[in-house]
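Please read the structure below before turning to the comments.
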Amino acid sequence: MREPRFTPPQQRPAWQRLASLARGPLPHLRELLAQPCPQRQSRLHLEAAGIQLDATRQQVTLPVLDALNDLARESRVPEQAEAQRRGEPVNGTEGRAALHVALRGADIDSPPWGAQVSTLVRAERERFLAAAERLHRGQWPGHTGRPIAHVVNIGIGGSDLGPRMACEALSNLHGPAVRVHFVSNPDAWALYEVLRHLPADRTLFVVQSKSFTTQETMTLAASARRWLADHGCTGEAQATHLVAVTARPDLSAQEGYAPEHPFGFWDWVGGRYSVWSAIGFALAVAIGAQGFRDFLAGGHAMDRHFWDAPATSNMPLLMALLGLWNRNFLGSPTQAIAPYASRLVHFAPFVRQMDMESNGKRTHVDGSPVEIDTGPIVWGGLGIEGQHAFFQLLHQGRHRVPVDFIGVASEDTPLPLAAEHHRIVLLNMRAQAEALALGRDAEATAALLRAEGLDDTTIAALIPHRTFAGNVPSNSLWLPALTPHALGALVALYEHKVFCQAAIWGINPFDQWGVELGKTMARAMERQAAPHS
Ligand code: F6P
């Protein structure tokens with residue numbers, strides 16, 4: 001069936017109904033939470049692939065939720081999701097598919113993307129997992145015969161953030177034989193800071209670059225190879241200390257990487273969506289092949305939910321719609337992510353690239369200019385430290401910043417008082433979400449100050465400074481534990497959320513032309529400087 005002519009989102013009837021609803025009156029979150037409506041509760045409490053979402057602190061009523069779902073339907077989000085998993089060229093400007101879902105669904109029968117893709121994926125997955133497992137077990141000899149004990153991942157953007165985030169998140173599962181390190185910045189100190197502690201004869205570099213042309217990565221790789229050579233590992237001997245992960249094995253071969261070691265992926269895997277491919281090599285080294293398979297299974301479990309769950313109980317779609325409601329109708333230009341587990345320290349930077357490099361666009365898929373807001377500024381950091389850094393602005397600033405709180409329900413740290421630590425951490429997460437939603441009005445503030453023994457004049461002077469408007473929306477996401485399966489489900493949740501928002505905004509989330517101009521200018525400046533240097 002021919003695709004219908006492109007309709008700008010703001011012309012859709014549901015968009016116009018949402019604009020009307022946003023003009024209000026809209027009940028304050030205090031009111032919405034004080035009178036829990038069972039239907040609203042059930043629409044905003046979801047479970048998928050082991051993850052729990054509590055979205056009751058979003059400023060939405062049932063009419064708003066219905067209009068949001070109408071907008072998804074009018075935008076043909078299900079049909080666009082179907083086109084994506086069938087491997088259609090949904091990345092229109094590059095004429096490519098976007099099949100990262102196939103990387104984690106390669107074992108299913110009759111895959112929507114076709115058996116041929118699954119065969120390719122399985123073959124390459126088994127190849128890189130076998131190599132990673134050897135390293136994980138300390139069974140990869142270096143050029144002196146001593147087993148590799150350190151793996152240094154060299155890459156940037158999607159060739160760094162995904163594996164770095166996942167390795168840290170699953171650090172309780174790392175094997176004893178190998179330690180994994182990450183270097184992304186070509187600032188020499190970033191590499192030296194890692195290498196100065198490592199024994200060269202037991203160190204292997206994974207050079208990750210989809211294009212195998214990224215200047216930062218190639219600079220780091222050259223320095224790494226020089227370091228090996230300066231420590232007695234030269235020429236052919238370097239073959240057991242270098243692994244390339246790329247979509248361009250022709251280029252890695254030209255650079256002298258051993259022909260059996262480039263682990264590949266395909267142009268239909270976007271960098272920011274590539275952790276499921278051989279780009280996740282360092283993760284597989286850290287947690288072993290089975291751990292990596294569990295990570296894939298968690299992502300696939302969320303895929304299944306996204307594809308099969310009805311719109312009114314579809315977690316990625318709901319998160320997308322709530323984010324769009326806050327962005328386009330309640331005027332929030334940014335989205336904060338606040339994990340309450342220190343092992344998720346790299347999660348916000350990971351989602352920042354995924355979301356902002358996908359939806360930081362101003363041109364519709366048909367080439368027409370966008371006239372509405374698109375991707376938010378995604379930022380954040382660990383919530384506990386955030387309470388001592390940026391939560392002041394969230395509570396009393398002039399920005400209204402929706403927050404995604406992420407908690408882990410169970411505690412596995414082998415410390416005698418770990419349960420108490422965990423109680424404190426989760427208590428803070430729950431308290432902050434509640435405080436942002438409810439705030440504290442003048443009457444309650446006056447009572448508090450009076451109870452502190454302040455006189456009326458002082459109370460009157462302080463009230464404007466010590467009241468809290470509240471009404472700040474948030475999602476609370478709960479992982480049962482920090483396992484590969486739960487992490488995979490969480491990552492896929494955000495990938496599908498980003499996709500759904502792009503589908504409604506009518507933009508292409510899979511290209512990134514915006515990163516090109518800076519690179520081009522750098523090369524031009526380099527050429528200009530070259531004659532005199
Ligand atoms: O930031 C631009 C970008 O192309 C990202 O999309 C990508 O993840 C990163 O640079 C690294 O690219 P490559 O993997 O080709 O080195």
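Would you please name the residue that is nearest to the ligand (Cβ to nearest atom), looking only at residues in the stretch 357-372 that are exposed (fewer than 15 other Cβ atoms within 10 Å of the Cβ) and among the acidic types (Asp, Glu)?
ASP366
Would you please name the residue that is farthest from the ligand (Cβ to nearest atom), looking only at residues in the stretch 230-254 that are outside any helix (DSSP H, G or I) and over 27 Å from GLY271 (Cα atoms)?
Quick first cut of the stretch 230-254, residues outside any helix (DSSP H, G or I) only: 231-234, 242-248.
Next cut, over 27 Å from GLY271 (Cα atoms) only: 231-234.
Numbers: HIS231: 26, GLY232: 29, CYS233: 24, THR234: 26 Å.
Filtering first and then ranking leaves GLY232.
Rundown of residues vs (1) open to solvent by less than 30 Å² (accessible area, probe 1.4 Å); (2) outside the structural domain of LEU324 (by TED's automatic domain parsing); (3) more than 12 Å from PHE329 (Cβ to Cβ), yes/no style:
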{"position": "GLY24", "(1), (2), (3)": "no, no, no"}
{"position": "GLU31", "(1), (2), (3)": "no, no, yes"}
{"position": "GLN35", "(1), (2), (3)": "no, no, yes"}
{"position": "LEU44", "(1), (2), (3)": "yes, no, yes"}
{"position": "ALA49", "(1), (2), (3)": "yes, no, yes"}
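Would you say VAL77 is of a type in the set (A, V, I, L, M), under 21 Å from ILE504 (Cβ atoms) and under 23 Å from the mean Cα position of the chain (by Cα)? First the steps, then the outcome.
Numbers: of a type in the set (A, V, I, L, M): yes; under 21 Å from ILE504 (Cβ atoms): yes; under 23 Å from the mean Cα position of the chain (by Cα): yes.
Yes: the conditions hold for VAL77.
Would you confirm whether any residue within the stretch 356-379 is within 15 Å of SER476 (Cβ to Cβ) and modelled with pLDDT of 95 or more? It would help to see each step written out before you state the result.
Narrowing the stretch 356-379 to residues within 15 Å of SER476 (Cβ to Cβ): none.
No, that holds for no residue.
I'm told GLY92 meets every condition in (1) over 21 Å from ALA492 (Cα atoms); (2) of a type in the set (Gly, Ala, Ser); (3) buried (at least 20 other Cβ atoms within 10 Å of the Cβ) except one. Can you identify the failing condition by its number?
Unmet for GLY92, out of (1) over 21 Å from ALA492 (Cα atoms); (2) of a type in the set (Gly, Ala, Ser); (3) buried (at least 20 other Cβ atoms within 10 Å of the Cβ): (3).
Determine which single condition THR213 fails, assuming it passes every other condition in (1) open to solvent by less than 30 Å² (accessible area, probe 1.4 Å); (2) outside any strand (DSSP E or B); (3) within 16 Å of the ligand (Cβ to nearest atom); (4) free of Cβ contacts under 8 Å to residues at least 60 places away in the same chain.
(1)
How about the stretch 499-523: which of its residues are more than 16 Å from THR93 (Cα to Cα) and not assigned by TED's automatic domain parsing to the domain that holds LEU318?
LEU517, GLY518, LYS519, THR520, MET521, ALA522, ARG523
So if I check each of ALA446, ALA437, which one is farther than 12 Å from PHE468 by Cβ and part of a helix (DSSP H, G or I)?
Of ALA446, ALA437, the one residue that is farther than 12 Å from PHE468 by Cβ and part of a helix (DSSP H, G or I) is ALA446.
For the stretch 121-146, what are the residues that are crowded, with 16+ Cβ neighbours inside 10 Å and within 17 Å of GLY232 (Cβ to Cβ)?
Result: GLY142, HIS143.
For every residue, the table says whether it meets (1) part of a helix (DSSP H, G or I); (2) more than 17 Å from LEU53 (Cα to Cα); (3) within 16 Å of the ligand (Cβ to nearest atom); (4) open to solvent by less than 10 Å² (accessible area, probe 1.4 Å).
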residue: GLY280; (1), (2), (3), (4): yes, yes, yes, yes
residue: ALA297; (1), (2), (3), (4): yes, yes, no, no
residue: HIS305; (1), (2), (3), (4): yes, no, no, no
residue: THR312; (1), (2), (3), (4): yes, no, no, no
residue: ARG343; (1), (2), (3), (4): yes, yes, no, no
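Given the conditions (1) over 26 Å from ARG343 (Cβ atoms); (2) among the hydrophobic types (A, V, I, L, M, F, W, C); (3) touching a helix residue (DSSP H, G or I) at 6+ places or on another chain (Cβ under 6 Å); (4) open to solvent by 30 Å² or more (accessible area, probe 1.4 Å), report the number of the one that MET218 does not fulfil.
For MET218, the exception is condition (3).
In the stretch 451-533, which helices (runs of 4 or more DSSP H) lie fully inside it and hold 2 or more residues that are of a type in the set (Val, Ile, Thr) and either touching a residue at least 60 places away in the same chain (Cβ under 8 Å) or within 30 Å of HIS28 (Cα to Cα) (or both)?
Details: elements: 456-466, 484-505, 516-529.
Answer list for the stretch 451-533: 456-466, 484-505.
I'd like to verify a number: residues in the stretch 264-278 that are more than 13 Å from the ligand (Cβ to nearest atom) and surrounded by 24 or more Cβ atoms within 10 Å (Cβ to Cβ), how many?
Total meeting the criteria: 1.
Given ARG30, ARG85, ARG43, ARG76, which one is farther than 27 Å from ASN326 by Cα and either touching a residue at least 60 places away in the same chain (Cβ under 8 Å) or hydroxyl-bearing (Ser, Thr, Tyr) (or both)?
Working: ARG30 fails: farther than 27 Å from ASN326 by Cα; ARG43 fails: farther than 27 Å from ASN326 by Cα; ARG76 fails: farther than 27 Å from ASN326 by Cα.
So the residue among ARG30, ARG85, ARG43, ARG76 that is farther than 27 Å from ASN326 by Cα and either touching a residue at least 60 places away in the same chain (Cβ under 8 Å) or hydroxyl-bearing (Ser, Thr, Tyr) (or both) is ARG85.
What do you reckon, is TRP227 in a helix (DSSP H, G or I) and either among the charged types (D, E, K, R) or open to solvent by 20 Å² or more (accessible area, probe 1.4 Å) (or both)? Give the steps one after another, and end with the answer.
Details: in a helix (DSSP H, G or I): yes; either among the charged types (D, E, K, R) or open to solvent by 20 Å² or more (accessible area, probe 1.4 Å) (or both): yes.
Yes.
Check the stretch 423-435 and report whether any residue there is basic (Lys, Arg), over 30 Å from GLN512 (Cβ atoms) and assigned by TED's automatic domain parsing to the domain that holds PHE350. If you could, list the steps in order and put the result at the bottom.
Step one: list which residues in the stretch 423-435 are basic (Lys, Arg), which gives 423, 430.
When the remaining residues are screened for being over 30 Å from GLN512 (Cβ atoms), the result is 423, 430.
Now restrict to residues that are assigned by TED's automatic domain parsing to the domain that holds PHE350: 423, 430.
There is at least one residue in the stretch 423-435 that is basic (Lys, Arg), over 30 Å from GLN512 (Cβ atoms) and assigned by TED's automatic domain parsing to the domain that holds PHE350.
The values are calculated or read from the model by the stated rules, or taken from the named source; none is laboratory data. This structure is a prediction, so every number in the text was calculated from the model and none was measured. All Cβ positions, glycine included, derive from the backbone under ideal geometry; neighbour counts span all protein chains shown. When the accessible area is computed, the model is the full protein with side chains, heavy atoms only, and any ligands, DNA or RNA have been set aside. Shrake-Rupley method; radii C 1.70, N 1.55, O 1.52, S 1.80 Å.
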